[in-house]
1. Between residue 148 and residue 272, take the C-beta separation as r, use R0 = 41 Å, and let me know the FRET efficiency to the nearest 0.05.
2. Please sort 57-68, 81-92, 145-156 by packing, taking for each peptide the average over its residues of neighbouring beta carbons within 10 angstrom, highest first.
3. Where does helix 98-110 land angle-wise versus the long Cα axis of the chain, in degrees 0 to 90, nearest 10?
4. What ranking of 256, 95 emerges when the number of other C-beta atoms within 10 Å of each C-beta is taken as an exposure proxy, fewest first?
5. If one computes P(r) from the Cα atoms of segment 18-168, what percent of pairs lie at distances over 28 Å?
6. Sort 257-264, 31-38 by the packing proxy (mean of other Cβ within 10 Å over each peptide's residues), most packed first.
7. Can you give me the Cα centroid spacing of segment 127-190 and segment 217-234 in angstrom?
8. What is the Cα convex hull volume of segment 133-233 when expressed per residue in Å³?
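Where a number appears in this text, it was derived from the coordinates with a stated rule and is not lab data. In this text the structure is predicted, and so the values were computed from the model without any measurement. Ideal geometry is used to build each Cβ from the backbone, glycine not excepted, and the neighbour counts take in all protein chains shown.
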């Protein structure tokens, strides 16, 4: 079934907001940023490429391919084991478990840049970028509450457990990296990779609702921004996405490089992806842009 903005959750709801600084989240963010800065003084090409690979796996597969295009919008289908794998990759980004992430994003689409949007730049650029996390209500682990917004995921015990214990894969990965390459590899593979991935994803919430080009006249402020697309595996073609939210393809023009769209076609070639929901440019728009 094709999910629409109002069908994504059981009902149209508003996420509860925190009334002050969430100290647990704030301390975690400060420590990860300190770790990322410290890693710069322990540079090696091995650690750099480990971080790049993990960024692709966790943010590229976990967020773009998994949490966003698959778990939230059901833009394609894949075997359940692969769906679960993408969810574990997503948990490794420090962006919360799958039920939490999907719930927040579905509410964002229901109320994009309107009252009730969890992270609209209309409440300030800093708020949309990371303020909503720092001053959030701390519902990352409130699986029961967030399941109201993602009942399809909540049916799976795997997702309920992963949502409540989303930090465990990060700890396990950190210990593995520490054992293999010591503190420098752990700082690069965890802190540098996580901090870069967080800000890249947050730029989708902030920058692509402020700067860039509007191809479609959507009811929100979403825009297409090439440099955000470049660092988020194609998520920066945000106006295209808000115009066609269930489409697994975000880069609609030939020059809009969309890593995740390319990858899902590779999965389809090997029989691991099917039922792709694909939007395309209207012929009149394509002709105008080609001129």
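1. 0.85
2. Those peptides, ordered most packed to least, come out 57-68, 81-92, 145-156.
3. 30
4. The fewest-first ordering by Cβ neighbours comes to 256, 95.
5. Summing the P(r) tail past 28 Å for segment 18-168 gives 23 percent.
6. 257-264, 31-38
7. Taking the Cα centre of segment 217-234 as reference, the centre of segment 127-190 is 25 Å away.
8. 158
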